[in-house]
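A short write-up of the structure that comes next.
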Amino acid sequence: MPLLCLFSACGGPSGPTDIPEAQVADPTSADIGNHIIYFNAQSTDQLLPEIARKYNIMRDKNRAMLNISVIRKSDYFPVIAKINLKTVNLTGQLKKITLRKIEEPGIAIYYIGDTTVANHEVLIFDISVKPEGENKTFKVLFKRQFYSD
């Protein structure tokens, strides 16, 4: 999965009182039954220029990007999922991130979105995922701090 490998963060499924810290360069995933959800967030200035151009992402140290993908465990094939997202900072301010689906047929399906961030701002990502063919919705919660200096 070429695009997914370029992103980084850490976290995992947990309750609202136990939000794991995100660590740069660590892969992030959560086992959600028959699927694995991969999720991460980073400053868009960390993207390679050719990747940013290809996917129409503005590279900027004051922009954060979220990347989500869902893989079926039985064959490691990417699947379409219904994803709902709520993102807030530590003061409770809602950060609007509209996810868009990017498909690389037969290779990967990504859901990406971005928003502005201030230096040292911490964002809390509350993600609900319902993979195609599943009856259950799964939840992932993680936080990530962004630096622009």
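The values are calculated or read from the model by the stated rules, or taken from the named source; none is laboratory data. What you see is a predicted model; the values in this text were computed from it and never measured. Positions of Cβ are generated from backbone atoms using ideal geometry, with glycine treated the same way; all protein chains shown enter the neighbour counts.
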Residues of the stretch 127-136 that turn out to be surrounded by fewer than 17 Cβ atoms within 10 Å (Cβ to Cβ), out of contact with any Phe, Trp or Tyr (no Cβ under 9 Å at 6 or more places or on another chain) and touching a residue at least 12 places away in the same chain (Cβ under 8 Å), as a count: 3
Residue under evaluation Lys139, criteria (1) touching a Lys or Arg at 6+ places or on another chain (Cβ under 8 Å); (2) in contact (Cβ under 8 Å) with a residue 40 or more places away in the chain; (3) surrounded by fewer than 20 Cβ atoms within 10 Å (Cβ to Cβ), criterion not met: (1)
Criterion violated by Gly133 - all others in (1) touching an Asp or Glu at 6+ places or on another chain (Cβ under 8 Å); (2) on the phi > 0 side of the Ramachandran plot satisfied: (1)
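Just checking, does the stretch 57-66 include any residue being more than 16 Å from Gln46 (Cβ to Cβ), touching a strand residue (DSSP E or B) at 6+ places or on another chain (Cβ under 9 Å) and either among the charged types (D, E, K, R) or buried (at least 19 other Cβ atoms within 10 Å of the Cβ) (or both)? Show your work before the answer.
Taking the stretch 57-66 first, the residues more than 16 Å from Gln46 (Cβ to Cβ) are none.
No, there is no match, as no residue in the stretch 57-66 is more than 16 Å from Gln46 (Cβ to Cβ), touching a strand residue (DSSP E or B) at 6+ places or on another chain (Cβ under 9 Å) and either among the charged types (D, E, K, R) or buried (at least 19 other Cβ atoms within 10 Å of the Cβ) (or both).
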Residue in the stretch 109-119 that is buried (at least 16 other Cβ atoms within 10 Å of the Cβ) and of a type in the set (Gly, Ala, Ser) present: yes
Within the stretch 67-95, considering residues that are surrounded by 12 or more Cβ atoms within 10 Å (Cβ to Cβ) and of a type in the set (Val, Ile, Thr), the one nearest to Thr28 (Cα to Cα): Ile68
Scope the stretch 96-108; condition surrounded by fewer than 12 Cβ atoms within 10 Å (Cβ to Cβ) and either small (Gly, Ala, Ser) or touching a Ser or Thr at 6+ places or on another chain (Cβ under 7 Å) (or both); matching residues: Lys96, Gly106
Within the stretch 26-85, tally of residues that are out of contact with any Ser or Thr (no Cβ under 9 Å at 6 or more places or on another chain) and over 15 Å from Glu103 (Cα atoms): 17
Filtered residue count, the stretch 6-56, keeping only those that are surrounded by 18 or more Cβ atoms within 10 Å (Cβ to Cβ), among the aromatic types (Phe, Trp, Tyr) and at pLDDT 50 or above: 2
Scan of the stretch 79-113 for residues that are under 18 Å from Lys54 (Cβ atoms) and in contact (Cβ under 8 Å) with a residue 24 or more places away in the chain, ordered by number: Leu99, Ile102, Glu104, Ile107, Ala108, Ile109, Tyr110, Tyr111, Ile112, Gly113
